[in-house]
Amino acid sequence: MQLDYEFIEEDKKNTSPIRIRKLTPIQMPHIDMDEVKNGRKAFTKDEWIDVLLRSTGMEPEKLDYRVKWLLLARMPPLVENNLNLCELDPRSTGKSHIYKEISPNSILVSGGQTTVANLFYNMASMENAE
């Protein structure tokens, strides 16, 4: 995080003199899953939901309970094998954010029309190429 400090006498009651200039998220390259599982026990369900959402770059304090669950509904394909998800929404509604930012192992097909047959063919071709 890079911070700026600018004190303005007239604004001292209304604003903070410290501003965030740049914020770079940190992603941990190696995770001890046993440690995560043991640490999970220290959180309530609602606290754990907030942790999961924060790990995707969302601020849960600004979200209502239903929106939190809708965002969590995007996550099962990241942890469950052979589970695919299709989201249909207008542009710029955050559909692809989690898949592009969270896991390098996800495959995102976006930006146009496709067919079921085309998806099966493309996925099989990708598996054979690896």
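The values are calculated or read from the model by the stated rules, or taken from the named source; none is laboratory data. It should be emphasised that the depicted structure is a prediction, and the values quoted were computed from it without experimental measurement. Neighbour counts are summed over all protein chains in view; Cβ atoms, including those assigned to glycine, are modelled from backbone coordinates with ideal geometry. Ligands, DNA and RNA are excluded from the accessible area calculation, which covers all protein heavy atoms including side chains. Shrake-Rupley method; radii C 1.70, N 1.55, O 1.52, S 1.80 Å.
Under the classification rounded if a/c is under 1.5, otherwise prolate if a/b is larger than b/c and oblate if not, where does segment 28-77 fall, given a ≥ b ≥ c as square roots of the Cα gyration tensor eigenvalues?
Taking the square roots of the gyration eigenvalues as a ≥ b ≥ c, segment 28-77 is prolate.
Compute the accessible area per residue over segment 2-52, keeping the other protein chains in place, probe 1.4 Å, unit Å².
Here the per-residue accessible area is 96 Å².
Between V51 and L23, what's the calculated FRET efficiency when r is the beta-carbon distance and R0 is 22 Å? Round to 0.05. The partial results should precede the final answer.
Numbers: r = 19 Å, r/R0 = 0.85.
After rounding, the FRET efficiency stands at 0.75.
May I ask you to list the aspartates and glutamates whose Cα is less than 19 Å away from that of K62, ignoring any residue fewer than eight positions away on the same chain?
By straight Cα distance, K62 reaches D46, E47, D50.
What full-extension length gain, to one decimal in nm, is calculated for D34 and L63 as 0.36 nm per residue of separation minus the Cα-Cα distance?
Taking 0.36 nm per residue and subtracting the Cα distance, the gain is 7.5 nm.
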